Amino acid sequence: MIHSLFLINSSGDIFLEKHWKSVVSRSVCDYFFEAQERATEPENVPPVIPTPHHYLISVLRHRIYFVAVIQSEVPPLFVIEFLHRVVDTFQDYFGVCTEAAIKDNVVVVYELLEEMLDNGFPLATESNILKELIKPPTILRTMVNTITGSTNVGEQLPTGQLSVVPWRRTGVKYTNNEAYFDVVEEIDAIIDKSGYGSEQTRSTITAEIQGVIDACVKLTGMPDLTLSFMNPRLLDDVSFHPCVRFKRWEAERILSFIPPDGNFRLLSYHVSSQNLVAIPVYVKHNISFREGSSQGRFDLTLGPKQTMGKSVEAVLVSSQLPRGVLTANLNPSQGTYTFDPVTKMLTWDVGKINPQKLPSLKGTMSLQAGASKPDENPSINIQLKIQQMAISGLKVNRLDMYGEKYKPFKGIKYMTKAGKFQVRT
């Protein structure tokens, strides 16, 4: 299946390669570099690139391309999921998944890749199993390994590998038993420039929500958990962790599972019905350029909308202004703004929106002398966070535990953030 894996940094250098079946020459990455040159943005590189003798399947995470080389046709999503699992494992082991972290722990990286893939086929991808097979690096362990010449590879086969629930090791014990769940939703939306009934009712071209439920479970023994929702019908296109009993979800819309030990992603979901997607902010704007004039007007105001009383925080507004703009002389009512005269990128760090005093950015833009009026107005990209709210309206009803006698501490946290949120002007 997977013959080789190449790790390529943002400069286009291959800084790590791993081969399983046979050594594939680095020259195969030339096809990837050609596709990279044609792409306007780093994330626009096609995930599947056919070559005369191979297929290149890649993902971009943390400014690193993970490129898998395949010789025969396989389901691309299968390979992409495995590559994401590799990145998540590196992040779990090293804290961050960067070029420096991978180079500093190159021995552990090769040991992990050897265990995760056997003769090109996925073998052990669960974090609990891998941590028993290969101990995570620590300063003390690294020093001992350097002096004694030993490795991080464990001496015994993982207990979970032999059980019915391979994602959970046996004999887990904790003084404090706790289970935390984070419901994180990311909203992608494009808001049209027309369609004003009022400033707050603009027409939505497209809007969808990508959501995940991340868990941190530290429970003694072999607990059996059930998680129910107030409105499970909201969930569409759901992807589960292998621990979830799918038949019970289909029948009762209840999540029943024996959890892995530690951090894991319980499920990811998609809400694509536009009538279910609430737009958390509105933008009132007036960006105009006059024909024959060297001045342009920039007027922008933000306000919260459909946030159920929760505050909108960490707001960052960015806009790619036309090439003819030389300078921007603007006055923000709150926060700070920067304008890069080379890239023409305007960035406004708003912070938290106060509904009583809406933040605004007003002023003028200077155009090059003799420059014609720009063909189109710039679009506005918005980043934001809303704590303790899932924008889809998803709510956890209750979390119950069976199979153990103690009472664990349970916590649920919600967060909404903007993904690709664009307002056309």
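The values are calculated or read from the model by the stated rules, or taken from the named source; none is laboratory data. Only a predicted model underlies this, so the values are computations on that prediction, with no experimental measurement involved. Virtual Cβ from ideal backbone geometry, glycine too; neighbours counted across all protein chains shown. Heavy atoms of the whole protein, side chains included, go into the accessibility calculation; ligands, DNA and RNA do not. Shrake-Rupley method; radii C 1.70, N 1.55, O 1.52, S 1.80 Å.
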- Query: Is there a residue being open to solvent by less than 50 Å² (accessible area, probe 1.4 Å), of a type in the set (S, T, N, Q), within 22 Å of the chain's Cα centre (by Cα) and farther than 13 Å from Phe6 by Cα anywhere in region 51-65?
  - Reply: no
- Note on the structure: Residue set Met345, Met365; condition within 31 Å of the chain's Cα centre (by Cα) and either more than 21 Å from Tyr282 (Cβ to Cβ) or among the aliphatic types (A, V, I, L, M) (or both); output residue Met345
- Which residue pairs have Cβ atoms closer than 9 Å, lie 6 or more positions apart in sequence or on different chains, and pair a first residue in region 332-359 that is on the phi < 0 side of the Ramachandran plot and polar (S, T, N, Q) with a second residue that is in a loop (DSSP other than H, G, I, E, B) and surrounded by 14 or more Cβ atoms within 10 Å (Cβ to Cβ)? Ser333/Leu358; Ser333/Pro359; Gln334/Lys352; Gln334/Ile353; Gln334/Pro359; Asn354/Ser311; Asn354/Gln334
- Top-ranked residue of region 159-186 - restricted to ones that are farther than 27 Å from Leu235 by Cα, modelled with pLDDT under 85 and aliphatic (A, V, I, L, M), ranked as nearest to the chain's Cα centre (by Cα): Val164
- Exception for Thr343 within (1) surrounded by fewer than 16 Cβ atoms within 10 Å (Cβ to Cβ); (2) outside any loop (DSSP other than H, G, I, E, B) falls at (2)
- Taking region 367-398 and the residues there that are open to solvent by 30 Å² or more (accessible area, probe 1.4 Å) and hydroxyl-bearing (Ser, Thr, Tyr), the one that is farthest from Val271 (Cα to Cα) would be Ser372
- Note on the structure: Pairs returned, first residue in region 98-113 that is over 14 Å from Val86 (Cβ atoms), second residue that is open to solvent by less than 60 Å² (accessible area, probe 1.4 Å) and polar (S, T, N, Q), beta-carbon separation under 7 angstrom, 6 or more apart or interchain, are Glu99/Asn9
- Residue in region 280-294 that is at pLDDT 90 or above and not in a strand (DSSP E or B) present: yes
- Scanning region 192-242 for residues that are open to solvent by 40 Å² or more (accessible area, probe 1.4 Å), over 30 Å from Lys405 (Cα atoms) and either modelled with pLDDT of 90 or more or among the polar types (S, T, N, Q) (or both) gives Ser194, Ser198, Gln200, Thr201, Ser203, Thr204, Thr206, Glu208, Gln210, Val238, Ser239
